[in-house]
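*Asks:* Before anything else, here's the structure in question.
The values are calculated or read from the model by the stated rules, or taken from the named source; none is laboratory data. The shown structure was predicted, so the numbers you read here are calculated from the model rather than taken from an experiment. With ideal geometry, Cβ positions are generated from the backbone for all residues, glycine too; neighbour counts draw on all protein chains shown. Keep in mind that these areas ignore ligands, DNA and RNA; they rest on the heavy atoms of the full protein, side chains included. Shrake-Rupley method; radii C 1.70, N 1.55, O 1.52, S 1.80 Å.
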Amino acid sequence: MRRLKTRPFPYYVGLHSLEELVTRDHRVCVMNILGSESRKVTPVSHEYSGGNVVAGVQYGRRGALETKLGDIPVYRSIREVMEQGIAFDMGVVYIPPLGVCKAVSELVTHNEALKRIVIVTEKVPARDSRNIRALCQEAGVDVIGANCLGMANAWDRVRIGGSLGGDHPDETLVKGSIAIHSNSGNFTTTMAEYLRTAGFGISTAVSSGKDVYIHFALPEFLYAAQNDPRTKAVVVYVEPGGYYEKLALDWIRDRAFGFTKPIIACVTGRWKKNLTRACGHAGALSGSGDDAESKERWFDEYFGVDVFDPATCQVSKRGVRVPSIQYIPDAVRAVFDKIDEKPDFPATGDLSLKLWLSDAMVALPAGMALPAVKAPAPYDAQIIEVNKQVGAHYLRQNMASKSGASRMNRETQVSELHGKTVLDLSRHTLEENLYFALTKVMPEKSDIPTLNLILNLFLKIDERRMELIDVGRANGCTPNAYLASLISLVGDKGVLAKSREHARFVIDLIREFGLDERTTTFPPELDDYVIRHLLGPDPSRKTDVSDLLLKEVKKSQKSCVALKVCQHIIALAEARGLEIRDTYEFLLAAIAVCVLWNPMLEKRISRQVVEDAVAYFYLMARIVAYSVVDRAHNPHWKKLVDKKLSNLNHSFTENAFKVLFSRVPEPSELLEFQTLLGLTVTNGPGTLSAKGAKESVSARNDVSMAFVGFLANTGRAHGGNGHEAIDYLVTQFQDVSLPDPGNPDHGLDLKAMAVKAAKAYGSYKKEAQESGDTPVKPIPCVNHPVFRGNHINVDPREQFVAAMFKGKGVYNVFWEFYHLLVQALYDEGVTKNVFCVNVDAVLAVISLKLAWKDLQAGRMSLRQVQDLAFTLFLFGRAVGTAAEIADHRDRGLDMDCRTPEAELSFVL
């Protein structure tokens with residue numbers, strides 16, 4: 001039977017007042033009640049509303065939905081619900097979009113007592129919404145939705161449909177005098193909560209949805225709000241698209257409509273003005289004259305005042321438009337003052353930003369530096385536990401062929417470590433790059449002296465250990481082999497284990513007692529804890545080293561909570577006449593934690609890296625100390641490794657140079673030295689050296705054995721291949737007088753030497769090809785598998801370093817020879833194009849230049865120079881290896897570098 005139209009509307013509206021929209025007397029049937037969303041939301045609504053859901057439908061399935069008020073019976077169809085004699089007058093639809101129209105039809109067809117339907121489903125086709133509209137108008141059924149969260153009546157404590165008020169609707173949906181109509185479901189709850197905080201409750205809230213068809217739109221809502229004695233004002237949240245708001249405002253201007261209550265409107269979505277496809281709600285897409293700016297203009301003209309400004313609080317009795325929902329409480333209060341009304345109850349707070357978490361590291365302007373407040377339960381306890389966690393946390397995974405530290409850029413063929421190219425790293429010192437490898441940031445200037453102190457301190461070795469180096473060299477071992485023999489003996493006890501334990505203690509102390517950079521005083525409980533676990537009456541054996549480190553910690557001005565804690569512990573021990581157990585190891589750990597604290601707090605690195613930091617510094621320094629070429633004639637090395645503490649303030653890079661070359665470097669030599677080391681830091685995670693370290697970590701070895709894995713996986717073909725280039729260059733220059741390869745006025749005819757060498761190689765190549773007995777050996781450091789094929793080929797890495805040295809006035813005769821050689825090879829017809837001088841040549845020519853005078857003077861043999869070039873590679877690559885080890889320890893799995901059986905094959 002066709003229902004009558006409802007004045008003043010030319011269509012059916014089945015209620016006179018909002019208080020009739022949803023009450024505790026209504027009984028509900030939910031369609032698709034056991035769906036993923038409904039089975040969570042429906043029990044909350046049912047319990048909040050006093051048990052108003054009498055049945056549910058799950059097509060093709062009977063059962064029950066458990067709630068605290070008892071099970072809700074579930075049937076296979078609406079027909080079956082009606083056959084069971086279950087009466088209901090409200091339907092809620094959670095059916096998927098294409099089935100919504102059919103579900104509505106079934107509700108209307110089988111239940112003549114039906115009054116309203118709430119459609120929660122989003123993305124209902126517009127054609128189906130049109131049919132739903134026609135069907136329900138014909139049957140006299142109000143529709144809320146689609147794409148909505150339903151409706152709620154705070155006076156009756158009832159909600160029907162979706163999740164208005166969240167999981168605890170009684171906390172947000174508080175009885176009051178504000179009616180809410182919102183295109184956004186989530187913002188319906190948010191606005192109710194904002195209003196509650198400011199002392200305003202709600203009468204009825206409707207999440208209208210924002211599909212193309214809004215079935216219970218603003219005109220009928222305002223009509224019902226006007227007739228609702230509970231409602232004193234209306235809050236509306238409006239999105240672009242559609243003319244419902246214009247229609248509503250035109251009607252309420254008509255005195256016959258009789259609307260007198262103020263409206264507080266928030267119009268959003270200016271950014272959607274130029275969209276041609278729906279983004280978010282399907283109906284929030286403006287057409288012609290219904291964008292956000294148009295709707296703002298409609299409301300402003302109706303109110304007769306500009307948009308709400310909290311500084312002036314200007315409103316009219318008709319209401320005001322707010323620029324954001326955060327201003328709704330202030331606007332409602334101003335409107336209530338205008339119409340001589342009082343809030344519904346005392347305010348319980350305000351909407352000012354209240355930080356539960358704060359960042360003590362970032363210095364904010366005064367207006368933004370807000371204090372953190374205690375969060376309400378249960379979040380307060382959860383935040384305390386979260387704050388105890390520190391550093392980055394990574395997902396464990398198979399890291400056999402992966403790395404979070406290094407990569408080879410496929411486009412440029414330049415390797416990168418933590419996003420910086422080796423070309424960038426070549427501009428930094430060894431100590432800076434080691435810090436970067438561990439922390440992913442370059443050290444602060446104030447930290448560099450501390451890094452040098454620690455690294456130089458670890459150069460102090462027992463010279464008797466060097467006898468193993470002598471044995472290795474006598475037996476023809478390469479540098480990687482004899483270094484590995486000593487590094488393997490480091491183990492993980494003593495200094496490394498104790499410093500790790502102390503680092504862990506300091507970090508735990510800071511997190512357990514909630515300390516941060518703003519801490520100025522320490523609680524007595526912390527002192528008691530430190531005395532029980534760290535201090536003792538029996539003094540440790542005091543050493544000059546401990547005193548030195550103690551002074552370093554005391555004098556530091558670094559702004560870091562870790563430093564404050566360590567300084568406090570030292571002061572506490574002195575005040576109580578106690579001693580710190582394992583003082584030396586504690587101070588090492590304290591310094592390491594301090595210099596790595598900020599990167600850990602910024603979640604650049606894990607806590608484990610900080611705890612292992614002393615081990616990385618120790619092993620890097622030991623590799624350098626054990627690498628001395630001729631210790632009997634190197635007075636600089638003797639001073640560096642002895643027990644005296646007067647030589648710890650120099651650059652670690654400079655000291656590494658002294659260890660190898662037995663002299664103080666000139667500034668240009670130090671530049672060349674650090675450049676060479678930076679270039680060799682990494683060549684990506686697929687290199688043998690990186691895989692050796694990763695495989696060792698995969699076998700669950702400690703850090704020192706992971707370094708052994710790196711050393712064992714280098715050799716004459718990887719790292720030691722520079723000996724071929726050095727041998728070649730020495731041969732080319734053996735018959736000439738070259739006092740200083742760094743002097744451009746050397747007097748040599750390099751072009752003639754290059755032509756001679758090219759012709760000689762051409763003859764060798766021709767003979768080898770004709771005989772076919774042996775493969776043709778290439779000239780070392782010439783050509784590249786990637787940088788080839790052009791008429792003139794260049795290696796951009798080599799070009800970069802060459803340009804940098806040229807700009808600083810650094811000359812290398814061997815380098816110039818190489819460039820003349822590749823041209824001569826082409827000119828003599830030996831090659832089809834001009835080969836590039838590759839980056840390996842940079843390493844070879846720098847190494848030979850630095851050792852040339854010693855080689856010529858007989859202070860070094862050719863074998864020693866070749867080993868020296870290998871050792872330089874190991875210095876640089878040890879830095880990158882530290883990053884790979886730390887990364888694999890953070891992310892990898894035990895045995896993840898094992899090759900699966902399916903990838904293996906047997907050959908005869």
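*Asks:* Thr520: accessible area at probe 1.4 Å, nearest 10 Å²?
*Replies:* 120
*Asks:* Using label points projected 7 Å from each Cα along Cα→Cβ, tell me how many nm separate Asn131 and Asp544, to one decimal.
*Replies:* Those two pseudo-labels are separated by 9.5 nm.
*Asks:* Okay, moving on. By how many degrees, between 0 and 90 and to the nearest 10, does the Cα long axis of helix 839-857 differ from the longest principal axis of the chain?
*Replies:* 30
*Asks:* Right, another one. Considering only Cα-Cα distances, which of the following residue pairs are longer than 29 Å: Lys493/Lys551; Lys498/Lys694; Lys808/Lys832; Lys210/Lys232?
*Replies:* Lys808/Lys832
*Asks:* Let me ask you something else. Viscosity 1.567 mPa s, temperature 4 °C: Stokes-Einstein D of the range 456-522 from its Kirkwood Cα radius, in µm² per second?
*Replies:* 84
*Asks:* For the range 386-541, what does the relative contact order come out to in percent, with C-alpha contacts under 8 Å and a separation of six or more?
*Replies:* Reported relative contact order: 17 percent.
*Asks:* Can you tell me how the range 814-887 classifies by the Cα gyration tensor, rounded, prolate or oblate, using a/c under 1.5 as the rounded cut?
*Replies:* Taking the square roots of the gyration eigenvalues as a ≥ b ≥ c, the range 814-887 is oblate.
*Asks:* So how much slack lies between Glu66 and Glu525, counting 0.36 nm per residue of separation and subtracting their Cα-Cα distance, in nm?
*Replies:* Net length gain for the segment: 160.3 nm.
*Asks:* Identify, among Leu572, Asn634, Val801, the residue whose Cα sits farthest towards the positive end of the charge dipole of the chain, taking +1 on the Cβ of Lys and Arg and -1 on the Cβ of Asp and Glu, with the dipole about the Cα centre.
*Replies:* Value: Val801.
*Asks:* Which distance in Å, rounded to a whole number, links the C-alpha centroids of the range 577-607 and the range 20-91?
*Replies:* For the range 577-607 versus the range 20-91, the Cα centre distance is 60 Å.
*Asks:* GluC sites (Glu not before Pro) within the range 364-423: which are DSSP loop residues with at most 12 other Cβ atoms inside 10 Å?
*Replies:* Glu411
*Asks:* Still on this structure, I have one more. So how compact is the range 1-134: Cα radius of gyration and Dmax in angstrom?
*Replies:* 15.0, 45
*Asks:* Among the listed pairs Lys460/Lys554; Lys691/Lys759; Lys420/Lys639, which are separated by more than 31 Å between their Cα atoms?
*Replies:* Where the Cα-Cα span goes over 31 Å, the pairs concerned are Lys691/Lys759; Lys420/Lys639.
*Asks:* Subtract the Cα-Cα distance of Lys388 and Phe513 from 0.36 nm times their separation in residues, and report this length gain in nm to one decimal.
*Replies:* Taking 0.36 nm per residue and subtracting the Cα distance, the gain is 44.1 nm.
*Asks:* Next question. Once you keep just the Cα pairs under 8 angstrom separated by 6 or more residues, what percentage relative contact order results for the range 320-400?
*Replies:* So the answer I get is 18 percent.
*Asks:* Oh, and also: Among DSSP beta bridges lying fully in the chain, give the percent that are antiparallel, nearest 5.
*Replies:* 35
*Asks:* Taking only DSSP H segments of four or more residues, each worth -39500 (n - 2.57), what value at 222 nm results for the chain once the sum is divided by all its residues, to the nearest 500 deg cm²/dmol?
*Replies:* Theoretical 222 nm ellipticity from helices: -14000 deg cm²/dmol.
*Asks:* Could I ask something else about it? Show me the ranking of peptides 849-860, 609-620, 744-755 by mean Cβ neighbours inside 10 Å, starting with the highest.
*Replies:* 609-620, 849-860, 744-755
*Asks:* Can you give the FRET efficiency to the nearest 0.05 for Gln856 and Lys402, using r as the Cβ-Cβ distance and R₀ = 60 Å?
*Replies:* 0.80
*Asks:* What is the magnitude of the charge dipole of the chain about its Cα centre, with +1 placed on the Cβ of each Lys and Arg, -1 on the Cβ of each Asp and Glu, and no other charges, expressed in debye to the nearest 20?
*Replies:* 820
*Asks:* Once you have the alpha carbon radius of gyration of the chain, what is it after dividing by 2.2 N^0.38 Å, with N set to its residue count?
*Replies:* Expressed relative to 2.2 N^0.38 Å, the Cα Rg reads 1.34.
*Asks:* Ranked from highest to lowest mean number of other Cβ atoms within 10 Å per residue, what is the order of the peptides 801-809, 777-785, 686-694?
*Replies:* Result, highest mean Cβ count within 10 Å first: 686-694, 777-785, 801-809.
*Asks:* What shape does the range 100-154 have by the C-alpha gyration tensor, where a ≥ b ≥ c are the square roots of the eigenvalues, rounded means a/c under 1.5, and otherwise prolate means a/b greater than b/c and oblate the rest?
*Replies:* Oblate, since a/c reaches 1.5 and b/c is not below a/b.
*Asks:* Extension gain Asp337-Thr412, at 0.36 nm per residue separation less the Cα-Cα distance, in nm?
*Replies:* So the chain would gain 20.2 nm between Asp337 and Thr412.
*Asks:* Provide the solvent-accessible area of Glu220, counting protein heavy atoms only and rolling a 1.4 Å probe, rounded to the nearest 10 Å².
*Replies:* Number for this one is 10 Å².
*Asks:* Once each part is reduced to its C-alpha centroid, what is the distance from the range 338-358 to the range 195-231 in angstrom?
*Replies:* Result: 21 Å between the Cα centres.
*Asks:* Of all chymotrypsin sites (Phe, Trp or Tyr not before Pro) in the range 1-87, which ones are in loop regions per DSSP and have a Cβ with at most 16 other Cβ atoms within 10 Å?
*Replies:* Passing sites in the range 1-87 are Tyr11, Tyr59.
*Asks:* Can you tell which of Thr189, Ile132, Ile160 lies farthest toward the positive end of the dipole of the range 120-210, using +1 and -1 charges on the Cβ of basic and acidic side chains (Lys, Arg; Asp, Glu)?
*Replies:* Projecting each Cα onto the dipole axis, the largest value belongs to Ile132.
*Asks:* Arrange the peptides 34-44, 866-876 so that the one whose residues have, on average, the most other Cβ atoms within 10 Å appears first.
*Replies:* Result, highest mean Cβ count within 10 Å first: 866-876, 34-44.
*Asks:* For the range 533-612, what is one quarter of the convex hull surface built on the Cα atoms, given in nm²?
*Replies:* 5.4
*Asks:* Restricting to DSSP loop positions (anything but H, G, I, E, B) with no more than 12 other Cβ atoms inside 10 Å of their own Cβ, which trypsin sites (Lys or Arg not before Pro) remain in the range 57-147?
*Replies:* Passing both the DSSP loop test and the Cβ count: Arg62, Lys68.
*Asks:* As an exercise, use a Förster radius of 60 Å and the Cβ-Cβ distance of Ala699 and Ser105 to find the FRET efficiency, rounded to the nearest 0.05.
*Replies:* Here the calculated transfer efficiency is 0.35.
*Asks:* For the chain, what is the relative contact order in percent, using Cα pairs closer than 8 Å and at least 6 residues apart in sequence?
*Replies:* The normalised contact order for the chain reaches 10 percent.
*Asks:* OK, next. Classify the range 414-530 as rounded, prolate or oblate, taking a ≥ b ≥ c as the square roots of the eigenvalues of its Cα gyration tensor: rounded when a/c is under 1.5, otherwise prolate if a/b is larger than b/c and oblate if not.
*Replies:* oblate
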